[in-house]
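See below for the structure under consideration.
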Amino acid sequence: MNRTARLSSWMARASGLLASLTARNAASSFLALAWLSLLSIVTIPVYIRLLGVSEWGLVAACASLQILSNFIDAGFSQIVPRWAAQEAQNPERLRQHVNLFRRLYLGLGLAMFGVLQASADYLAHHWFQVPTGRGDALELAIQIVSFQFLFQFVNNLHIGLWHGLQRQVLANVRACGFGTLKHVAALLALLVGAQQAWVYALAFACVACIEVCVNAVSVRRMLGTESVAATGDKVAVAPLLKEVSVLSGGILVGLLVSQLDRIILSRTVDVASFGIYTVVATLALAFLQLQTPVTRAFFPLIVRDIQHYGRASATHIKKMFVWTAFTCTLPVLIACVFAPQILTLWLRDPVVVNIGTVPLRLLLLAVALNSLYGCIYQLFIAAGKSRLVLQLNLASLFMASVVIVLYCDSGGILLGGAIWLANTSTQLLLGIVWLTCFFRPMNISR
């Protein structure tokens, strides 16, 4: 009995510490999300006033190229935290994995950098709808922003490592600190120097370089360097790449669907209109991030339920849905009702308000639907339903493609909101069908 009591006491303390760590990580993620979103909300109107709508369109065109980095990092962004968590108690093995991941990230990052440099001329003069005489300016901005994407891509390794080791507070503090520094540097550069897109891009690239160097030093100090040179090749590359390729398949389709709006609009509307769409999309997608701290906090609990009992706890699922609805879905629906007032208060630009209100409302409705689907998506991942994720993403891609075919020539920037709405409604509908027909949670209170 004494041994059983001691074991129960130890498990209770461990559970309390885990809950405390989970709550602390979730709270820091909420604070980081709020701060970074506030930075965008505050600085975007200033950038538009300094650069003008046309020049801001060039910045938006450069930012849309981030999709290339997202595609490349699709599998690694979920595998790195998991492998870090698995090897957290084995420092030598963890160093080996980090050493291998670092080489892969550097190689892929340099490949992405080379592609952007080589294609800058084509993108600036033939892909984006740029006003006459501004193609060279956009080409220069793309060449500069490719450096920023390289640094940010490599830095994703450090962020993923910290998340896997449950050091989310450190990751969030660094993200907020360097995110703030990027905007400060960009604003100062635009106020002191030329008010052009390449100046904005150069400021962000310089701070991104500092960020990756500082974080690399921190990771090296945290892990140490003992025996890495002697044992760094013991981790096999082939199984890792196989796992990445399998996981990436479903994620890549999902990323393609989520980026269809910017891909299509970058080709079909002028850069000024594209810049306005980017502004309202940035605002709408900032609300999308509200679900992340809640789902990230409950995901480990659901994984443990499935590992130990074969099914997730109905209590955990219910709490995840309720907290997501309270912290994300409800605020998004309220924002949808007051969309014109929010744009007016935020930007104070009648042209942007007039053009951007309806697209913003469509995007916010899509975000509200996606916040609920996000909870179902966590169940898919926790239960190992990777093939189901791929199937749902393919279905949503089909519906989004139908919308594009029907309204590509007449939709303007409204098309972007319609694509998102078709995508998220399809995913949520099919997810609800799976949840009600095939998923069986544990009906016990835990």
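Couple of notes before you dig in:
- Simple label model, 7 Å out from Cα along Cβ direction - VAL46 to LEU345, nm: 2.0
- Computed FRET value (nearest 0.05) for PHE398 with THR327, which takes r as the C-beta separation and R₀ as 45 Å: 0.90
- Surface analysis of region 327-445 yields an accessible area of 48 Å² per residue, using protein heavy atoms and a 1.4 Å probe.
- Subtracting the Cα-Cα distance of LYS318 and ALA27 from their residue separation scaled by 0.36 nm leaves 102.8 nm.
- ARG296 versus LEU187: modelled label distance in nm, points set 7 Å from Cα along the beta carbon direction: 2.5
- Given R0 = 30 Å, the distance between the Cβ atoms of TYR122 and GLN391 translates into a calculated FRET efficiency of 0.30.
- When peptides 416-422, 95-101 are ranked by their average number of other Cβ atoms within 10 Å per residue, the highest-first order is 416-422, 95-101.
- Burial ranking of peptide ranges 326-332, 61-67 (average Cβ count within 10 Å, highest at the top): 61-67, 326-332
- Across region 119-228, the fraction of Cα-Cα pairs farther apart than 25 Å, rounded to a whole number, is 36%.
- Take 279-288, 125-134 and order them by the average number of nearby Cβ atoms within 10 Å per residue, most first; the result is 279-288, 125-134.
- Within region 289-378: Cβ-based charge dipole about Cα centre, in debye rounded to nearest 20 (Lys, Arg +1; Asp, Glu -1): 240
- Gain in span if fully extended, VAL173 to ILE210, counting 0.36 nm per residue against the direct Cα distance: 11.8 nm
- Less than 5 angstrom separates the built amide H of SER313 from those of MET442, all sequence-distant by 5 or more or on a different chain.
- Given charges at Cβ of Lys, Arg, Asp, Glu: region 23-181 dipole, positive-most of ALA171, VAL115, PHE149: ALA171
- Anisotropy class of region 340-446 from Cα gyration tensor, a/c 1.5 cut: oblate
- Calculated FRET efficiency for the pair PHE338/LEU429, C-beta based, R₀ 35 Å, to 0.05: 0.80
- With contacts taken as Cα pairs under 8 Å and at least 6 residues apart, region 326-446 reaches a relative contact order of 30 percent.
- Taking all protein chains together and a 1.4 Å probe, the residues PHE321, PHE178 rank PHE321, PHE178 from largest to smallest accessible area.
- Taking label points 7 Å from Cα along the Cα-to-Cβ direction, PHE439 and TYR407 give a separation of 2.8 nm.
- Across GLU211, GLU139, the residue with the most accessible area heads the list, and the full order at a 1.4 Å probe is GLU139, GLU211.
The values are calculated or read from the model by the stated rules, or taken from the named source; none is laboratory data. A quick note: this is a predicted structure, and the numbers were derived from the prediction, not measured. Note that we place each Cβ from the backbone using ideal geometry, even for glycine, and neighbour counts take in every protein chain shown. The accessibility values were calculated without ligands, DNA or RNA, using every heavy atom of the protein model including side chains. Shrake-Rupley method; radii C 1.70, N 1.55, O 1.52, S 1.80 Å.
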